[in-house]
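**Q** This structure is in structure tokens; I'll ask about it shortly.
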């Protein structure tokens with residue numbers, strides 16, 4: 001792993017991306033024992049405005065908790081893609097929801113497109129788990145934490161009645177992203 005790895009989850013408020021960031025940070029720090037910080041920001045709208053969650057993972061102590069050179073970015077909406085794809089480092093990764101982001105940001109980074117929200121609706125049956133589908137896809141794309149560590153973090157965060165649903169969402173996002181990368 002690089003000494004410092006920065007991941008940004010972005011989309012609209014209410015899509016659960018702050019939760020996805022928290023889960024990833026917990027997988028890295030609590031489960032795998034790495035240094036990790038998570039920060040978030042969102043527009044004045046509670047729901048619908050652009051929001052982001054950033055996670056920094058490092059083997060060394062983290063001296064600055066904000067992302068400055070993003071290694072991997074997820075954007076679930078066009079507004080998020082336009083606003084938050086800035087700052088992706090050269091040779092970084094950008095994962096877009098292929099149904100909602102039609103104008104692909106240009107930059108010196110690799111772009112992947114995946115119908116995340118549609119996958120949550122059609123494959124899992126609940127759009128509300130799109131954030132966990134996205135989390136699985138980001139773990140597959142970056143390999144920043146192990147599949148098992150993040151799965152453990154997901155399952156420790158959700159109520160017992162929703163463990164199976166979230167486990168399926170995470171696994172589906174991970175597997176479909178791995179297929180897309182082939």
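**Q** Pick from the stretch 68-79 the residues that are touching a residue at least 40 places away in the same chain (Cβ under 8 Å), out of contact with any helix residue (DSSP H, G or I) (no Cβ under 8 Å at 6 or more places or on another chain) and closer than 21 Å to residue 118 by Cβ: which of them is surrounded by the fewest Cβ atoms within 10 Å (Cβ to Cβ)?
**A** 79
**Q** Is it the case, given these coordinates, that residue 165 is at pLDDT 95 or above and under 25 Å from residue 56 (Cα atoms)?
**A** Answer is no for this residue.
**Q** So if I check each of 90, 65, 105, which one is more than 18 Å from residue 138 (Cβ to Cβ), assigned to a loop (DSSP other than H, G, I, E, B) and without any contact (Cβ under 8 Å) to a residue 40 or more places away in the chain?
**A** Of the residues listed, the single one that is more than 18 Å from residue 138 (Cβ to Cβ), assigned to a loop (DSSP other than H, G, I, E, B) and without any contact (Cβ under 8 Å) to a residue 40 or more places away in the chain is 65.
Each row is one residue, and each column tells you yes or no for (1) free of Cβ contacts under 8 Å to residues at least 40 places away in the same chain; (2) under 14 Å from the mean Cα position of the chain (by Cα).
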position: 143; (1), (2): yes, yes
position: 147; (1), (2): yes, yes
position: 152; (1), (2): no, no
position: 157; (1), (2): no, no
position: 164; (1), (2): yes, no
position: 170; (1), (2): yes, yes
position: 173; (1), (2): no, yes
position: 178; (1), (2): yes, no
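**Q** Could I ask something else about it? Only one of these is at pLDDT 95 or above and farther than 20 Å from residue 153 by Cα: 74, 96. Name it.
**A** Exactly one of 74, 96 is at pLDDT 95 or above and farther than 20 Å from residue 153 by Cα, namely 96.
**Q** Tell me whether the stretch 32-52 contains one or more residues that are modelled with pLDDT of 95 or more, assigned to a helix (DSSP H, G or I) and either more than 12 Å from the chain's Cα centre (by Cα) or crowded, with 24+ Cβ neighbours inside 10 Å (or both).
**A** Checked against the condition, which is being modelled with pLDDT of 95 or more, assigned to a helix (DSSP H, G or I) and either more than 12 Å from the chain's Cα centre (by Cα) or crowded, with 24+ Cβ neighbours inside 10 Å (or both), the stretch 32-52 yields no hits at all.
**Q** Taking the stretch 80-103 on its own, how many of its residues are exposed (fewer than 14 other Cβ atoms within 10 Å of the Cβ) and either more than 17 Å from the chain's Cα centre (by Cα) or under 14 Å from residue 15 (Cβ atoms) (or both)?
**A** The total comes to 4.
**Q** Considering (1) buried (at least 23 other Cβ atoms within 10 Å of the Cβ); (2) out of contact with any strand residue (DSSP E or B) (no Cβ under 9 Å at 6 or more places or on another chain), say which one residue 135 fails and leave the rest.
**A** Residue 135 satisfies every listed condition except (2).
**Q** When the stretch 136-169 is examined, which residues are found to be part of a helix (DSSP H, G or I) and within 17 Å of residue 73 (Cβ to Cβ)?
**A** Those that are part of a helix (DSSP H, G or I) and within 17 Å of residue 73 (Cβ to Cβ): 136, 137, 138, 139, 140, 141, 142.
**Q** Identify, please: which residue in the stretch 104-132 is surrounded by fewer than 14 Cβ atoms within 10 Å (Cβ to Cβ) and modelled with pLDDT under 95 and is, among those, nearest to residue 75 (Cα to Cα)?
**A** 106
The values are calculated or read from the model by the stated rules, or taken from the named source; none is laboratory data. Everything numeric in this text was worked out from a predicted model, so none of it was measured. Neighbour counts are summed over all protein chains in view; Cβ atoms, including those assigned to glycine, are modelled from backbone coordinates with ideal geometry.
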